[in-house]
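Novice: Please see the structure below; I have some questions.
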Amino acid sequence: MVQTPIAKALADYEILDQFYGHLPPVARRTPMRELISTVLSHRTTHADEELAYDRMLEAFGDWPGVLGAPVEELIHAIRTTRWPATQAPRIQEILRRIQAETGGKFDLDFLADWPTDRAMDWLTDMPGIGLKTASLVLLFNYHHPVLPVDAHVHRVAQRVGFLGPKVSVEKAHSVLLALLGPQLDAEGLFNFHKHNYWHGQQICFFLKPNCPRCPLKGFCSYYQEHYGAATPEALAATPTAWDAAAWGKLPH
(Lines give C-alpha, C1' and ligand atoms only; values in the text may rest on other atoms or scores of the structure.)
Protein backbone atom coordinates (compact mmCIF):
# COMPACT_ATOMS: atom_id res chain seq x y z
CA MET A 1 0.00 0.00 0.00
CA VAL A 2 1.33 3.43 -0.97
CA GLN A 3 0.34 5.45 2.10
CA THR A 4 3.30 6.91 3.99
CA PRO A 5 4.93 10.14 2.74
CA ILE A 6 8.16 8.38 1.81
CA ALA A 7 6.31 5.58 0.02
CA LYS A 8 4.28 8.13 -1.95
CA ALA A 9 7.34 10.24 -2.78
CA LEU A 10 9.31 7.25 -4.06
CA ALA A 11 6.31 5.95 -6.01
CA ASP A 12 5.94 9.43 -7.55
CA TYR A 13 9.63 9.34 -8.52
CA GLU A 14 9.48 5.88 -10.07
CA ILE A 15 6.23 6.39 -11.98
CA LEU A 16 7.09 9.82 -13.36
CA ASP A 17 10.58 8.62 -14.25
CA GLN A 18 8.91 6.07 -16.53
CA PHE A 19 6.16 8.45 -17.69
CA TYR A 20 8.45 11.29 -18.79
CA GLY A 21 11.65 9.31 -19.32
CA HIS A 22 14.84 9.29 -17.29
CA LEU A 23 17.10 12.26 -17.95
CA PRO A 24 20.89 12.50 -17.74
CA PRO A 25 21.84 15.30 -15.32
CA VAL A 26 22.96 17.70 -18.03
CA ALA A 27 22.95 21.44 -17.34
CA ARG A 28 20.47 23.35 -19.49
CA ARG A 29 22.67 26.48 -19.53
CA THR A 30 25.97 27.82 -18.16
CA PRO A 31 26.21 28.45 -14.40
CA MET A 32 26.25 32.23 -14.78
CA ARG A 33 23.29 32.17 -17.11
CA GLU A 34 21.41 29.80 -14.80
CA LEU A 35 21.99 32.14 -11.87
CA ILE A 36 21.19 35.45 -13.53
CA SER A 37 18.31 34.10 -15.65
CA THR A 38 16.65 32.57 -12.59
CA VAL A 39 16.93 35.91 -10.79
CA LEU A 40 15.26 37.56 -13.79
CA SER A 41 12.54 34.89 -13.92
CA HIS A 42 10.78 35.82 -10.67
CA ARG A 43 7.08 36.28 -11.47
CA THR A 44 8.05 36.58 -15.14
CA THR A 45 7.27 34.35 -18.12
CA HIS A 46 10.08 32.31 -19.60
CA ALA A 47 9.83 34.25 -22.88
CA ASP A 48 10.14 37.61 -21.10
CA GLU A 49 13.00 36.32 -18.93
CA GLU A 50 14.91 35.19 -22.04
CA LEU A 51 14.21 38.51 -23.77
CA ALA A 52 15.52 40.47 -20.77
CA TYR A 53 18.68 38.36 -20.55
CA ASP A 54 19.40 38.66 -24.26
CA ARG A 55 18.79 42.43 -24.31
CA MET A 56 21.07 42.88 -21.29
CA LEU A 57 24.00 41.09 -22.93
CA GLU A 58 23.35 42.75 -26.29
CA ALA A 59 23.36 46.18 -24.65
CA PHE A 60 26.45 45.73 -22.45
CA GLY A 61 28.40 42.94 -24.12
CA ASP A 62 29.62 40.90 -21.16
CA TRP A 63 29.51 40.69 -17.36
CA PRO A 64 32.02 43.52 -16.80
CA GLY A 65 29.82 45.61 -19.07
CA VAL A 66 26.68 44.73 -17.11
CA LEU A 67 28.44 45.49 -13.82
CA GLY A 68 29.63 48.88 -15.05
CA ALA A 69 26.41 49.89 -16.78
CA PRO A 70 24.46 52.92 -15.52
CA VAL A 71 21.68 51.39 -13.46
CA GLU A 72 18.93 53.22 -15.38
CA GLU A 73 20.21 51.73 -18.64
CA LEU A 74 20.29 48.27 -17.09
CA ILE A 75 16.73 48.74 -15.83
CA HIS A 76 15.67 49.60 -19.38
CA ALA A 77 17.45 46.57 -20.84
CA ILE A 78 15.64 44.13 -18.52
CA ARG A 79 12.31 45.94 -18.68
CA THR A 80 10.37 42.80 -19.64
CA THR A 81 10.90 41.39 -16.13
CA ARG A 82 8.36 41.98 -13.37
CA TRP A 83 10.46 44.34 -11.24
CA PRO A 84 13.36 45.67 -13.34
CA ALA A 85 14.12 48.55 -10.96
CA THR A 86 14.67 46.04 -8.17
CA GLN A 87 16.47 43.40 -10.20
CA ALA A 88 19.01 45.67 -11.91
CA PRO A 89 20.91 46.73 -8.76
CA ARG A 90 20.61 43.18 -7.43
CA ILE A 91 22.28 41.76 -10.51
CA GLN A 92 25.12 44.26 -10.21
CA GLU A 93 25.61 43.40 -6.53
CA ILE A 94 25.66 39.68 -7.36
CA LEU A 95 28.31 40.32 -10.01
CA ARG A 96 30.38 42.35 -7.53
CA ARG A 97 30.35 39.50 -5.02
CA ILE A 98 31.29 36.89 -7.62
CA GLN A 99 34.13 39.11 -8.81
CA ALA A 100 35.34 39.59 -5.23
CA GLU A 101 35.20 35.85 -4.47
CA THR A 102 37.09 34.85 -7.62
CA GLY A 103 39.66 37.63 -7.67
CA GLY A 104 38.17 39.31 -10.71
CA LYS A 105 36.49 36.55 -12.71
CA PHE A 106 32.79 36.08 -13.40
CA ASP A 107 32.76 32.34 -12.82
CA LEU A 108 30.99 30.09 -10.32
CA ASP A 109 33.05 26.93 -10.77
CA PHE A 110 34.55 27.25 -7.29
CA LEU A 111 31.15 26.07 -6.01
CA ALA A 112 31.83 22.60 -7.43
CA ASP A 113 34.49 21.99 -4.78
CA TRP A 114 32.71 23.57 -1.83
CA PRO A 115 30.59 21.53 0.61
CA THR A 116 26.94 21.82 -0.27
CA ASP A 117 25.96 23.73 2.87
CA ARG A 118 28.72 26.30 2.36
CA ALA A 119 27.79 26.77 -1.31
CA MET A 120 24.11 27.16 -0.42
CA ASP A 121 24.84 29.70 2.31
CA TRP A 122 27.11 31.73 0.02
CA LEU A 123 24.54 31.91 -2.76
CA THR A 124 21.53 32.68 -0.57
CA ASP A 125 23.42 35.47 1.20
CA MET A 126 23.24 37.49 -2.01
CA PRO A 127 20.27 39.77 -2.77
CA GLY A 128 17.49 38.19 -4.82
CA ILE A 129 18.81 34.63 -4.51
CA GLY A 130 16.60 32.29 -2.54
CA LEU A 131 16.65 28.56 -2.00
CA LYS A 132 15.11 27.74 -5.39
CA THR A 133 17.66 29.74 -7.39
CA ALA A 134 20.60 28.46 -5.37
CA SER A 135 19.35 24.87 -5.59
CA LEU A 136 18.91 25.07 -9.36
CA VAL A 137 22.49 26.25 -9.86
CA LEU A 138 23.99 23.73 -7.44
CA LEU A 139 21.98 20.75 -8.73
CA PHE A 140 21.88 21.46 -12.45
CA ASN A 141 25.42 22.77 -12.90
CA TYR A 142 27.44 21.16 -10.11
CA HIS A 143 25.49 18.03 -9.14
CA HIS A 144 25.17 18.92 -5.48
CA PRO A 145 22.45 16.75 -3.85
CA VAL A 146 19.83 19.46 -3.35
CA LEU A 147 16.22 19.71 -4.48
CA PRO A 148 14.75 22.85 -6.07
CA VAL A 149 11.08 23.36 -5.27
CA ASP A 150 8.99 25.72 -7.37
CA ALA A 151 5.22 26.22 -7.41
CA HIS A 152 4.67 23.19 -9.68
CA VAL A 153 6.73 20.74 -7.62
CA HIS A 154 5.13 22.09 -4.44
CA ARG A 155 1.58 21.68 -5.79
CA VAL A 156 2.12 18.11 -7.00
CA ALA A 157 3.73 17.07 -3.70
CA GLN A 158 0.84 18.48 -1.67
CA ARG A 159 -1.87 17.02 -3.89
CA VAL A 160 -0.32 13.57 -4.03
CA GLY A 161 0.04 13.74 -0.27
CA PHE A 162 3.70 13.47 0.65
CA LEU A 163 3.99 17.14 1.64
CA GLY A 164 1.78 18.66 4.30
CA PRO A 165 -0.90 21.17 3.26
CA LYS A 166 0.57 23.96 5.39
CA VAL A 167 4.21 23.55 4.32
CA SER A 168 5.36 26.62 2.37
CA VAL A 169 7.38 26.47 -0.83
CA GLU A 170 10.42 27.75 1.07
CA LYS A 171 10.09 25.16 3.84
CA ALA A 172 9.39 22.40 1.31
CA HIS A 173 13.04 22.52 0.17
CA SER A 174 14.27 21.08 3.46
CA VAL A 175 11.24 18.84 4.08
CA LEU A 176 11.39 17.11 0.69
CA LEU A 177 15.17 16.86 0.72
CA ALA A 178 15.04 15.21 4.16
CA LEU A 179 12.46 12.79 2.76
CA LEU A 180 14.20 11.95 -0.51
CA GLY A 181 17.86 12.76 0.13
CA PRO A 182 18.63 9.43 1.83
CA GLN A 183 17.04 7.57 -1.10
CA LEU A 184 18.12 9.52 -4.19
CA ASP A 185 21.49 10.80 -5.39
CA ALA A 186 21.93 14.06 -7.31
CA GLU A 187 20.80 12.43 -10.56
CA GLY A 188 17.68 11.09 -8.90
CA LEU A 189 16.90 14.49 -7.35
CA PHE A 190 17.43 16.11 -10.75
CA ASN A 191 14.88 13.77 -12.32
CA PHE A 192 12.45 14.17 -9.42
CA HIS A 193 12.56 17.95 -9.85
CA LYS A 194 12.25 17.96 -13.64
CA HIS A 195 9.46 15.38 -13.77
CA ASN A 196 7.33 16.99 -11.07
CA TYR A 197 7.96 20.41 -12.62
CA TRP A 198 6.65 19.10 -15.94
CA HIS A 199 3.79 17.30 -14.21
CA GLY A 200 2.61 20.51 -12.58
CA GLN A 201 2.86 22.36 -15.89
CA GLN A 202 1.28 19.74 -18.13
CA ILE A 203 -1.16 17.69 -16.04
CA CYS A 204 -1.52 18.79 -12.40
CA PHE A 205 -2.64 22.32 -13.28
CA PHE A 206 -3.47 24.87 -10.58
CA LEU A 207 -7.00 25.01 -11.98
CA LYS A 208 -8.77 21.95 -13.38
CA PRO A 209 -5.96 19.38 -13.21
CA ASN A 210 -6.15 16.70 -15.89
CA CYS A 211 -6.65 13.84 -13.43
CA PRO A 212 -7.78 11.27 -16.03
CA ARG A 213 -4.36 11.51 -17.71
CA CYS A 214 -2.41 11.40 -14.43
CA PRO A 215 -0.37 8.23 -13.74
CA LEU A 216 -0.29 9.02 -10.00
CA LYS A 217 -4.04 8.64 -9.48
CA GLY A 218 -3.71 5.25 -7.78
CA PHE A 219 -2.36 6.86 -4.60
CA CYS A 220 -3.00 10.59 -5.06
CA SER A 221 -4.88 12.19 -2.16
CA TYR A 222 -6.38 14.88 -4.40
CA TYR A 223 -7.76 12.27 -6.79
CA GLN A 224 -9.25 10.25 -3.97
CA GLU A 225 -10.88 13.33 -2.43
CA HIS A 226 -12.48 14.39 -5.72
CA TYR A 227 -13.13 11.08 -7.51
CA GLY A 228 -12.87 8.37 -4.90
CA ALA A 229 -10.49 5.45 -5.07
CA ALA A 230 -9.13 4.89 -8.57
CA THR A 231 -11.06 2.05 -10.20
CA PRO A 232 -9.35 -0.71 -12.21
CA GLU A 233 -10.95 0.79 -15.31
CA ALA A 234 -9.55 4.26 -14.56
CA LEU A 235 -6.10 2.84 -13.93
CA ALA A 236 -6.21 0.76 -17.11
CA ALA A 237 -7.16 3.84 -19.15
CA THR A 238 -4.25 5.91 -17.81
CA PRO A 239 -1.40 6.56 -20.26
CA THR A 240 1.94 5.07 -19.26
CA ALA A 241 4.14 7.61 -21.06
CA TRP A 242 4.02 11.21 -22.24
CA ASP A 243 2.78 11.34 -25.84
CA ALA A 244 4.66 14.28 -27.36
CA ALA A 245 3.04 13.78 -30.77
CA ALA A 246 -0.45 14.11 -29.32
CA TRP A 247 0.09 16.49 -26.36
CA GLY A 248 3.07 18.58 -27.39
CA LYS A 249 6.77 18.77 -26.65
CA LEU A 250 7.77 19.19 -23.02
CA PRO A 251 9.24 22.62 -22.13
CA HIS A 252 12.82 23.50 -21.17
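The values are calculated or read from the model by the stated rules, or taken from the named source; none is laboratory data. Every value quoted in this text rests on a predicted model; they were computed, and no experiment measured them. Reconstructed Cβ throughout: ideal geometry from the backbone, glycine too, with neighbour counts over all protein chains shown. Surface areas here come from the heavy atoms of the whole protein model, side chains and all, with no ligands, DNA or RNA. Shrake-Rupley method; radii C 1.70, N 1.55, O 1.52, S 1.80 Å.
Novice: In nanometres, what is the gap between the two model label sites at Gln18 and His252, each 7 Å from Cα along Cα-to-Cβ?
Specialist: Inter-label distance under the simple model: 3.2 nm.
Novice: Can you show me the helix-derived [θ] at 222 nm for the chain, built from DSSP H runs with n ≥ 4 at -39,500 (n - 2.57) apiece and divided by the number of residues, rounded to the nearest 500.
Specialist: -17000 deg cm²/dmol
Novice: Same structure again: About the Cα centre of the chain, how large is the charge dipole given +1 on each Lys and Arg Cβ and -1 on each Asp and Glu Cβ? Please answer in debye to the nearest 20.
Specialist: Here the size comes out at about 700 debye.
Novice: Let me check against my output: what whole-number percent is the relative contact order of the stretch 69-134, with C-alpha pairs under 8 Å and at least 6 apart?
Specialist: Contact order relative to length: 23 percent.
Novice: Assigning unit charges at the beta carbon (Lys, Arg +1; Asp, Glu -1) and nothing else, what dipole magnitude in debye, to the nearest 20, does the stretch 133-252 show about its Cα centre?
Specialist: Charge dipole, the stretch 133-252, about its Cα centre: 260 debye, nearest 20.
Novice: At q = 0.20 Å⁻¹, what log₁₀ I(q)/I(0) does the stretch 57-208 have when each alpha carbon counts as one equal point scatterer in the Debye sum?
Specialist: -1.20
Novice: In sequence order, what are the phi-derived ³J(HN,Hα) couplings for the stretch 61-77 according to the Karplus relation 6.51 cos²θ - 1.76 cosθ + 1.60 with θ = phi - 60°, rounded to whole Hz, with x for glycine and proline?
Specialist: x, 7, 5, x, x, 5, 4, x, 5, x, 4, 5, 6, 5, 4, 5, 5
Novice: Leaving ligands and nucleic acids out of the surface, order Trp63, Trp247 by accessible area at 1.4 Å, largest first.
Specialist: Trp247, Trp63
Novice: Number of Lys-Lys pairs in the chain under 29 Å by Cα, sequence gap 8 or more or different chains?
Specialist: Pairs that pass both the separation and distance tests number 26.
Novice: Roughly how many Å² of Phe106 are accessible to a 1.4 Å probe, to the nearest 10?
Specialist: Approximately 40 Å² of Phe106 is accessible to the 1.4 Å probe.
Novice: To continue, here is another question. For the stretch 19-103, rounded, prolate or oblate, judged on the Cα gyration tensor with a ≥ b ≥ c (square roots of eigenvalues), a/c < 1.5 rounded, else prolate if a/b > b/c?
Specialist: oblate
Novice: Per 0.36 nm of contour for each residue apart, how much would the distance between Ala229 and Ser168 grow if the chain were fully extended, relative to their Cα-Cα spacing?
Specialist: Difference between extended and current length: 19.2 nm.
Novice: Points 7 angstrom from Cα along the Cβ direction at Thr240 and Gln3: gap in nanometres?
Specialist: Roughly 2.8 nm, to one decimal.
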